[in-house]
Each structure stands twice: as structure tokens, then as C-alpha cells.
Amino acid sequence: MESIRTRRVCPPALANGLFLTAAGAYVVGLFGRMSYAAVMAELIAREGLSKPQAGLIGTLFFVVYGVCQLLSGFLGDRISPKKLIFTGVTGSALLNLGMGLSGASYPVMLALWTLNGVFQSLLWSPAARVFSEMLPPDCRKRACSNAGATYPIATIASYLVASLLLRLTGWQAEFLLSALLMLLAAAVFWRRMSYYERETAQNGPVEQITLSVQERGANGSLIAILIVSGTLLTVPGAVSLGLLRDGLQNWVPTYLDECFSLGAARSVALSVVLPAFNLAGVYLAKWLAARYIRNELLGTAGFMAAAGGALAVLCLTGTAHAGLSLFLMTFSSTALVGANQMIINLLPIHFGAVGRASSVTGVFNSACYLGSALSSYGVGFVSDRWGWTAAMAFLLCFAVLTLVTSLAGARRWGRYRRDI
């Protein structure tokens, strides 16, 4: 493998616009993923879905999403991000439209939401390629850090809108509004991204990259890259991270409703506390990464220790007080955002030099959402069978697993990573 590579990147004057275009499309695209979780408690309370049934819809979505993330990652290194993201947002919009018109038919919703996992998988890996390879080098780390805010922003907006619509109309309106917003976003994204691609091809500066010994030794093989970088064990760690992250976020409304009888609409509204603090957690992680964290896997271990500590206290306190439970869940969820920032947002930047940012992102994100699939059904099953304290203990076990796998690969990763 040659030791020097060249490629054109976006003109610096257009970097912020390119970032906002990709990040904005991803945020609106996430509405098509969040919409079901935001109204799941209402579907259980009003439409007769059992918790295992409701969880199975989410489980199949995340299984398909996770598996297709691998394909999306590979395609993202070979096909224009514009085409993949546009297809993902548009397809997901049409399926959300179908959910809103489904009449709460369980087989129909199960089929539509499972297919939605295919289109949603086309969003993040191509966006990560834009941030890691198309932006100028001095913009990449900041962009990937800021991109971590997209998930909590989308969650806050989706849950607030869902809370309002549940009071005024019904759960169907959440899907219908999401579909409309996504179709508009897809049209704007296609037009703006076409402009940035033309400007990069015609006026973009040429970046020269010198590959390290480890990068050359991997010879472009994805498995070899994961091994020499010390991130192979990050894959099962990402499974655990996804289980924890979405296990908390997706089930908090149902947890609050069942344990403290708050009602579906109020439980959804209170659940916005988690992503609101998660948004702060993104910028806390960004600040810590810029000043103190020189190894993303050690950073992940630190965040997982904090999340696990909060879950351990929650196991001990049980369901004694709504405010304390919400605080502990919020603290744990915020720490998980920091870990997610390390693995999903910051690690892949270092693989852009060998043209594997999208593929590596696809692998980690696939693993993360396979964990989400386990959480969607697993948390519902455990809580239904043994109660919510057992469900929190179930999540705590996976916090420990991610902590251990992060520490195991930290030394080798420290030797491989680039200073960005």
C-alpha cells in the first residue's frame, strides 16, 4: 500500500454549510426513528398492545437497522453520501406515513417499522463520511463532536411534539407530521448537497495524507484494521452501549407511567429531561475530549463507570421516588452519551486516512443497534416478568461489559490513533 494519499476536500469557506446540510438532514431523518418510541406508551395504554408486542416492533426495527448498518457502511465508502442519505430520509418518510394511516393494526405496524430499519440505516454512516473525509482536516474533530448533538436534539423535538400531539389529537399525528418534515428535508438536502459536491470537485483544496506503519500494515482490510487498532473488542462493547442507551431512552415513559401512574402524555413530556441533559452531555464530552481525553477508549471506560454507578444506586433505591429515579436515569443516560460520543463520533475520524471512516462507523453503529434491538424486547420482557428493579440490574450488567472491553483495547488504540 502506498504511504501517501491525496484527495479533494470542501473549500474551508463552505465547511460550516456542508456540516449543517448533512447534520440537518440527519436530525430530521431521526424523527422517522423516534416517532414510534415517543408514542409507544400511548399505544400500550390506548390501543391494547402488550409490552412484549410493543417491544417486538422496536426489536425488529433495530435488528434490521443494525444488520443493514454493515451494508450502509460499506456502501458509504463507495457511493455518494448524497444519494444514500436522500434515499434513507425519503423512504423512512413514506413508511412513517404508512404508520400514521395503519389504524394501529399490529401486523401492519410490525411490517412497516421493520422495513423502516433498512432506510434509517442509510443515514449515519454516509454522514460520518462527510464529517471525517469531505470536510477540511481542521474542521473534522469539531464537526464529529458537534454531530453528537443531533441525536438528543431530534429526541427532544420528537418527544415534545409527541407530548403535545397526544394531548391535542392522537398518536397518528406524530407519524404524519414526521413524514411531512422528512420529505421537505430530503428535497432541501439534495439541492444543497449537489452544490457542495460541485464546489469540492472544482475548487476544493487537495489534502495529502501520510499513512502510518500500522495503517499500511493493515493493507485496507477492515478486520485487520480493527485488530491492529485495538478496536475489535469495541464491537461487543458497542452492543452493550446500544442496549443501555436505548434501553433507558425508549422505556422511560413506560417506566414512569407504570411505577408512578403519571399518564402517557405526562410521562413522555418528563422523558424529555433525558435528551435535554444528554445534549449537555455531548458538549461536556467534547470539552473533556479536547482538554483531557487523549485515548477515546479510556474515555469510554470513564463514562461507563459513571453510568454503571448511577444504575447501581437505582437498583438499590428501586421505585421509591419518581424524582430520584428520573435523576439517576438522567445521570446515567448523560454518561452514556459521553461513551457514545467516544465510540460512534470520535473513533471513526482516525480511520478516514485509509478511506474506512464509513465502514468502521457502520460496524460500530451496527453493533450498537443490535444492542438496541436486545434492549427494546429484553427490557420489556425482564420488567414484565420480574419488575423494573430487575430491568435496571439487567442494564447494569451491560455497563460493566462495555467498561471491561474498553479497557482491554485502550493500550493498542493509544498507539494507533492519529492526532486530530
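The values are calculated or read from the model by the stated rules, or taken from the named source; none is laboratory data. Just so it is clear, the structure is predicted and the values come from calculations on it, not from any experiment. Cβ placement follows ideal geometry from the backbone for every residue including glycine, while neighbour counts extend to all protein chains displayed. Side chains included, ligands, DNA and RNA excluded: accessible areas come from the protein's heavy atoms. Shrake-Rupley method; radii C 1.70, N 1.55, O 1.52, S 1.80 Å.
Checking Phe351 against (1) open to solvent by less than 10 Å² (accessible area, probe 1.4 Å); (2) farther than 22 Å from Gly299 by Cβ; (3) out of contact with any Pro (no Cβ under 9 Å at 6 or more places or on another chain); (4) of a type outside the set (Val, Ile, Thr): exactly one of these is not met. Which one?
(2)
Filter the range 121-150 for residues that are within 17 Å of Gln69 (Cβ to Cβ) and not in a loop (DSSP other than H, G, I, E, B) and give the result.
Residues satisfying the conditions are Trp124, Ser125, Pro126, Ala127, Ala128, Arg129, Val130, Phe131, Ser132, Ala147, Thr150.
Is one or more of the residues making up the range 62-77 over 30 Å from Ser194 (Cα atoms) and part of a helix (DSSP H, G or I)?
The answer is yes; a qualifying residue exists.
What are the pairs with Cβ atoms under 8 angstrom where one residue, in the range 408-420, is touching a residue at least 24 places away in the same chain (Cβ under 8 Å) and the other, located anywhere, is open to solvent by 40 Å² or more (accessible area, probe 1.4 Å) and part of a loop (DSSP other than H, G, I, E, B)? Sequence gap at least six, or different chains.
Matching pairs, first to second residue: Ala408/Leu233; Gly409/Leu232; Gly409/Leu233; Gly414/Arg294.
Considering each residue of the range 28-51, count those that are farther than 16 Å from Glu174 by Cβ and open to solvent by less than 40 Å² (accessible area, probe 1.4 Å), and give that number.
The number of residues fulfilling the criteria is 1.
Output yes when any residue across the range 353-360 is farther than 16 Å from Leu226 by Cβ and part of a helix (DSSP H, G or I), and no when none is.
There is no residue in the range 353-360 that is farther than 16 Å from Leu226 by Cβ and part of a helix (DSSP H, G or I).
Rundown of residues vs (1) open to solvent by 40 Å² or more (accessible area, probe 1.4 Å); (2) out of contact with any strand residue (DSSP E or B) (no Cβ under 7 Å at 6 or more places or on another chain); (3) modelled with pLDDT under 75; (4) in a helix (DSSP H, G or I), yes/no style:
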residue: Pro275; (1), (2), (3), (4): no, yes, yes, yes
residue: Ala290; (1), (2), (3), (4): yes, yes, no, yes
residue: Gly302; (1), (2), (3), (4): yes, yes, no, yes
residue: Gly309; (1), (2), (3), (4): no, yes, no, yes
residue: Thr319; (1), (2), (3), (4): yes, yes, yes, no
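Can Val282 be described as open to solvent by less than 50 Å² (accessible area, probe 1.4 Å) and assigned to a helix (DSSP H, G or I)?
yes
Could you give me the residue pairs with C-beta distances under 6 Å whose first residue belongs to the range 147-171 and is free of Cβ contacts under 8 Å to residues at least 60 places away in the same chain, whose second residue is of a type in the set (Gly, Ala, Ser) wherever it lies, and which are 6+ apart or on separate chains?
Once the first residue is free of Cβ contacts under 8 Å to residues at least 60 places away in the same chain and sits in the range 147-171, its partners that are of a type in the set (Gly, Ala, Ser) give Leu165/Ala173.
Against the condition farther than 23 Å from Leu222 by Cα and in a loop (DSSP other than H, G, I, E, B), how does Gly48 come out, does it pass?
yes
If you scan the range 71-129, which residues turn out to be among the aromatic types (Phe, Trp, Tyr) and open to solvent by less than 20 Å² (accessible area, probe 1.4 Å)?
Trp113, Trp124
Considering Gly103, Gly91, Gly98, which residue is part of a loop (DSSP other than H, G, I, E, B) and not hydrophobic (A, V, I, L, M, F, W, C)?
Just a single option satisfies the conditions, and that option is Gly103.
For a quick check of your reading of the model, give me the residue pairs whose first member lies in the range 67-82 and is in contact (Cβ under 8 Å) with a residue 12 or more places away in the chain, whose second is among the basic types (Lys, Arg) and open to solvent by less than 60 Å² (accessible area, probe 1.4 Å), with beta-carbon atoms closer than 6 Å and at least 6 apart or on different chains.
Gly76/Arg129; Pro81/Arg129
Just the residues that are open to solvent by less than 20 Å² (accessible area, probe 1.4 Å), modelled with pLDDT under 80 and among the aromatic types (Phe, Trp, Tyr), please, taken from the range 360-415.
Tyr369
Could you check the range 130-155 and list, in sequence order, the residues that are open to solvent by less than 20 Å² (accessible area, probe 1.4 Å), hydroxyl-bearing (Ser, Thr, Tyr) and at pLDDT below 85?
Selection gives Ser132, Ser145, Thr155.
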